[in-house]
Structures are given as structure tokens and as C-alpha cells.
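Notes follow the structure.
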Amino acid sequence: MPLWKKYLSFLWKSTNQHGVHSPFVFRLVTKCFYNKEKIPCEYYPCDISKRKGQFLLRLVKYFEPKSIKIYSDHKDWDSFFPHALTEHTSEQKDMIILSQRENKPTVEELLAQMHNDSILVLSAPHHKENEIFYQQLSENKQFTVIIDTFAFALFFIRSEQEREFFVIRT
């Protein structure tokens, strides 16, 4: 299906904060997604727009991760976030950003790097090269909260919450 048809389908299914019944997701949507505060940034990675970059910066500000792992085909992502957050170590990460088209890690490799309250951000989940991987992630039962914003898909491991899937306009 062409991307524009996928987007129309997304718009038909999506909701805003009023259709969210999870307190965790409601706070995330109202305090992060719909917060229009501009976070100063002079440089954005080449494969994301300024609007998408601001969304990611708001996510980082909201969750305050201590460590971020970035999988990308482009090296310019390393300078987008503070270096201390993106140091490459083997320990579990608070946030994983996947903006990679080829040679993606497996779902099991990603889960091994995550803990309760970790977040996995998949860029462009509806693009042809990511569709199958997005489906594999969505079907994995270890992800208890999944949020589709069309531009990004967010996967959370939250043991204290029942499994839920949200389609939210940003």
C-alpha cells in the first residue's frame, strides 16, 4: 500500500489525548507530545526533519534517560544528543533509537538491552523497509505499551501495566 494511503488509514484510526485511557500514556501525550516548547538545537540528523527532531528532543527531556543507544545508517546522530548519554557500552539502556534501514538488530538483541521502563523508538515504522520489523516488534508480548505516531513507533516495557496499543496524532 502506498505511504499516503497508510497515512490516511492512520488518521482514520488515530486519536488525541481524549481517546487515551492510560494515565501513563495520557501524561506522555499531554506533557510531551503536545508540548510545543522549542528545545534549542542547531543541528538535526540528515534523515529526520526539524519537527521530528524536536519530538525526539522532547522525549529525551520528558523521560530524562541516563543512557541512549542509537542504531542508524548515518553517523550524524552521535552529535544530536549529549555525548555522555550515547556512550557505547554493553549495559542496558533507558532509551534505544532505531533509525536504521538495513542490518537492524534482532528483536531479541534489542530486548536484551532493555529493562523495565526502557523505551524503544522506531523511526518511520510505516515505510516499506521497516514494515516487517515494526510488525515483529508489535507482536512481541514483552512490549506492554506501544504507541504509533506514524512518524515514530514507541515501545515500552512496563511490568506494572497491561498490554495496550495506541494510535496517536502528534
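Of the residues LEU122, LEU111, the one with the largest accessible area comes first in the ranking LEU111, LEU122, computed with a 1.4 Å probe on protein heavy atoms.
The calculated FRET efficiency for the pair SER79 and LEU8, based on their C-beta separation and a Förster distance of 41 Å, comes to about 0.70. Solvent exposure of TYR34, expressed as accessible area, is near 60 Å², computed with a probe of 1.4 Å over the protein chains only. Across ASP148, ASP47, the residue with the most accessible area heads the list, and the full order at a 1.4 Å probe is ASP47, ASP148. Taking the Cα centroid of segment 1-66 and of segment 100-144, what is the distance between the two, rounded to the nearest whole Å? So the two Cα centres are separated by 17 Å.
Rounded to the nearest 500, the helix-only mean residue ellipticity at 222 nm of the chain stands at -7500 deg cm²/dmol, with each DSSP H run of n ≥ 4 adding -39,500 (n - 2.57).
In the context of the full set of protein chains, residues of segment 69-170 present 48 Å² of accessible surface per residue (probe radius 1.4 Å, heavy atoms only). Net length available on complete extension from GLU64 to THR30 is 10.6 nm, with 0.36 nm assigned per residue and the Cα-Cα distance removed.
Taking Cβ atoms as reference points and 10 Å as the exclusive limit, the residues near LYS38 contribute a net charge of +2, counting Lys and Arg as +1 and Asp and Glu as -1.
One way to sum up the overall shape of the chain is the equivalent ellipsoid from its Cα gyration tensor, whose semi-axes run 22, 19, 18 Å, largest first. Over segment 84-170, the Kirkwood radius and the radius of gyration, each from Cα atoms, give a ratio Rg/Rh of 0.94. A crude spin-label estimate for the pair ARG101 and ASP47, with each label 7 Å from Cα along the Cβ direction, gives 0.7 nm.
Ranked from largest to smallest solvent-accessible area, with a 1.4 Å probe on the protein heavy atoms, SER159, SER118 come out as SER159, SER118. For LYS6, the accessible area of its heavy atoms, probed at 1.4 Å with every protein chain present, is near 30 square angstrom. Note on GLU139 and GLN161: with the Förster distance fixed at 22 Å, the Cβ-Cβ geometry gives a FRET efficiency of about 0.80.
Tally up the carbon and sulfur contribution to the accessible surface of segment 1-79 as a whole percent, 1.4 Å probe, everything protein left in place.
After summing per-atom areas, the C and S share lands at 57 percent.
The portion of the accessible surface of segment 103-165 made up by carbon and sulfur, rounded to a whole percent, is 50 (1.4 Å probe; DNA, RNA and ligands excluded).
Restricting attention to the chain, close to 40% of DSSP beta bridges with both partner residues there are antiparallel.
Amide H contacts for PHE166 (H built 1.01 Å from N in the peptide plane; partners 5 or more residues away or on another chain; cut-off under 5 Å): ILE146, ILE147, ASP148.
The values are calculated or read from the model by the stated rules, or taken from the named source; none is laboratory data. All of these numbers come straight from a predicted model, not from anything done at the bench. As a convention, Cβ positions derive from the backbone with ideal geometry for all residues, glycine included, and neighbour counts pool all protein chains shown. Note: accessible area is taken over every heavy atom of the protein model, side chains too, but ligands, DNA and RNA are not part of it. Shrake-Rupley method; radii C 1.70, N 1.55, O 1.52, S 1.80 Å.
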